[in-house]
Amino acid sequence: MEDLASTRDEESDNNNSKDNFKVTPWEVEGEIDYNKLVIQFGTQPITFEIIERIKHVTGEVHPMLKLQYFFSHRDLDWILKKHADGESFYLYTGRGPSGMIHIGHVMPWLFTRYLQEKFDSKLLFQLTDDEKFLQSQDRSSEEIRHYTYENILDIIAVGFNPYKTKIIIDTKHIQHLYPIATEIAKRITFSTAKAVFGFSSSTNIGMVGFPPIQAAPCFLPSVIENKPTPVLIPAAIDQDPYWRITRDVAERMGYYKPAQIHSKFIPGLGMSGKMSSSKPETALFTTDDPEVIDNKVSAAFTGGQPTITLQRQLGGNALGCPVFWYLRYLFDSEKQSDERLLKCKSGNLLCGECKSDLSKGSKTFIVEFKKRREKAKDVIADFMLDGEPYEK
Ligand code: TYM
């Protein structure tokens, strides 16, 4: 397979555009250089050797690993060793319910479901309704509650094992998190929190106090199982700052450091940036109707030339095209995607064709997903940490 990630980096290095990016849990901006991010964050790239060790358990290499969509980690090798030695691990991931769910969110969750299935893991899924309420002065608690309910349907629709998955809603299940969170909070200074999260004097104190709440589920499995229990967190790399502070305090509290596997971002359909609910016209939501999907995809930015004649003469820039990446990560096989790349570069493919493939793939995916969302309404209580229903 061609190493598309490095090719893209070389191309971008040539136009010097790659130092202008920012990745925090609340802000992702610019064109991200993932190789530089690994160095900046101090994480490890996922090596061939690690992929082979995963394959030993799964029997195959998942496309999201093969295509380097999941590209970085902390202690993944360690957790695989624990598993090989017969110690099972928990998975932990989450969502901040500030809007509807788009395909970008679903990507790490699909991979989490796959890991759950293959490693037979229990999963904790946290909904940080408190974080999203605190983060913006414009959000009411009613609005957050509405999105919490809607997001629960999406989480269930992903297809996690109902016997092995527990959803934690911070404001509803806080009694399970608070004792752990206070232990964590006591060990983190404001100076560290400021450095890691960029808090300033104008940050509200709720936000300053929030990170231990997201850290707490890393240690909840040890409390539930009554012994130190390994935890692996699949998520996009924007969440990494939380795990840095959690890892710092883990051993002092008698727990294992949580391990992580980090994904890249699915790009939005606009000129740049990750897919984000705050730019709804460039995001495909799991609740979008087919006509809406058609319209959004048809208006998508591409790496194509301004005219068909130029496209035929000069070829397109597939590696700078969100439609290409979206298809590559979600709907094309590796072979199809490599062929698409060559055809586009040589001017033998027009943007309309790729857009039509993307529209078709997204519509099929979303129509099926919506059906599962509907069914999810009847089984919410089965997934809740306390086994109780969550009303709209
Ligand atoms: P949130 O709601 O911002 O994002 C939820 C998950 O989706 C990932 N993500 C994306 N992945 C690929 N492409 C994108 N365009 C994209 N946008 C978002 C995020 O990395 C995340 O995995 N504070 C958290 C909620 C949380 C959490 C966790 C997340 C609580 N505990 C544990 C991950 C793991 C939040 O607001 O995520």
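The values are calculated or read from the model by the stated rules, or taken from the named source; none is laboratory data. Bear in mind the structure is a predicted one, so any value in this text is a computation, not a measurement. Every residue, glycine as well, gets a Cβ built from its backbone with ideal geometry; the counts of neighbours run over all protein chains shown. SASA here: full protein model, heavy atoms, side chains in, ligands and nucleic acids out. Shrake-Rupley method; radii C 1.70, N 1.55, O 1.52, S 1.80 Å.
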With label points set 7 Å from each Cα along the Cα-to-Cβ direction at Thr47 and Asp77, the distance between them in nm comes to 0.4
Computed on Cα atoms, the radius of gyration and Dmax of the chain in angstrom are 21.0, 67
Over all Cα pairs of the stretch 321-392, the Kirkwood radius sets Rh, and Rg/Rh then becomes 1.26
Taking 185-198, 205-218 and ranking on average Cβ neighbours within 10 Å, highest first, one gets 205-218, 185-198
In whole percents, the bins of 10 Å from zero upward hold the Cα-Cα pairs of the stretch 200-257 as 21, 49, 25, 6, 0
Going through Lys227/Lys279; Lys257/Lys392; Lys264/Lys371; Lys279/Lys375; Lys296/Lys343; Lys22/Lys132 one by one, the pairs whose alpha carbons sit over 32 Å apart turn out to be Lys227/Lys279; Lys257/Lys392
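In whole percent, what relative contact order does the chain give with Cα contacts below 8 Å and a gap of six or more residues?
Once divided by the residue count of the chain, the mean separation gives 19 percent.
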Expressed in square angstrom to the nearest 10, the accessible area of Glu31 with a 1.4 Å probe stands at 80
Descending accessible area (1.4 Å probe), largest on the left, turns Arg244, Arg252 into Arg252, Arg244
Per 10 angstrom bin, beginning at 0 and ending with the bin that holds the maximum distance, the Cα pairs of the stretch 266-316 fall in percents of 26, 41, 26, 8
Length gained if Glu353 through Leu314 is fully extended, taking 0.36 nm per residue and subtracting the Cα-Cα distance, is 12.3 nm
Counting only protein heavy atoms with a 1.4 Å probe and every protein chain in place, the carbon and sulfur fraction of the accessible surface of the chain in whole percent equals 51
Expressed per residue, the solvent accessible area of the stretch 110-198 in Å² (1.4 Å probe) is about 45
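What does DSSP give for the chain in terms of the percent of beta bridges that are antiparallel, rounded to the nearest 5?
If I count the DSSP bridges inside the chain, around 40 percent turn out antiparallel.
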Taking the stretch 261-392, the whole-percent share of alpha-carbon pairs separated by over 22 angstrom is 46
Length gained, Ser346-Gln40, 0.36 nm per residue minus C-alpha separation, equals 106.6 nm
